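The values are calculated or read from the model by the stated rules, or taken from the named source; none is laboratory data. All figures in this text were calculated on a predicted structure; none of them were measured in a lab. Positions of Cβ are backbone-derived with ideal geometry, glycine not excepted, and every protein chain shown enters the neighbour counts.
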Amino acid sequence: MSDETKKIAKVTVDRNLCIGAASCVMAEGDVFELDAENKAVLKLKGGAKNSGPAERSALEGGADDKILLAAQSCPTKAIFLHAEDGTQVYP
């Protein structure tokens, strides 16, 4: 199984890398949105929002392929995806 086909278990947004391009929001608006500082945050169940790391199961929604697409669309590679075994899936 290649890294990019592993099941996503954890998502993190590096706020220091995020420039607010919002490509992640366009790709997967069920998981990502921009906050008041124009930085990407994760939408968690129950209405909480933060930059993670967040367990995949805690996210408001989203499909793994769309979350991967959102990460790949980020011009600064600010979205980090990890598999269940802890290995980094992306970038």
Fill in the blank from the handout: The residue from 31, 89 that alone is out of contact with any Phe, Trp or Tyr (no Cβ under 9 Å at 6 or more places or on another chain), of a type in the set (Val, Ile, Thr) and within 22 Å of residue 7 (Cβ to Cβ) is 31
Exercise for the section: Among the residues of region 49-80, write down those that are farther than 16 Å from residue 23 by Cα, at pLDDT 95 or above and not in a helix (DSSP H, G or I). Expected result: 49, 50, 52, 53, 54, 55, 59
Practice task
Using the structure shown, decide if residue 43 is under 10 Å from the mean Cα position of the chain (by Cα) and either of a type outside the set (A, V, I, L, M, F, W, C) or modelled with pLDDT under 95 (or both).
Solution key: yes
Practice task
Pairs only if they're at least six apart or on different chains, beta carbon under 7 angstrom, first in region 16-35 and more than 16 Å from residue 64 (Cβ to Cβ), second part of a loop (DSSP other than H, G, I, E, B) and among the hydroxyl-bearing types (Ser, Thr, Tyr); list them, first residue then second.
Solution key: 17/76; 18/76; 19/76
Handout entry: region 60-91, residues that are crowded, with 20+ Cβ neighbours inside 10 Å and of a type in the set (Val, Ile, Thr)
Key = 67, 79, 89
Exercise for the section: Return the only residue of 36, 9 being at pLDDT 95 or above and part of a loop (DSSP other than H, G, I, E, B). Expected result: 36
Exercise for the section: Scan region 12-28 residue by residue and report those that are surrounded by fewer than 16 Cβ atoms within 10 Å (Cβ to Cβ) and either among the basic types (Lys, Arg) or in a loop (DSSP other than H, G, I, E, B) (or both). Expected result: 15, 16, 17, 19, 20
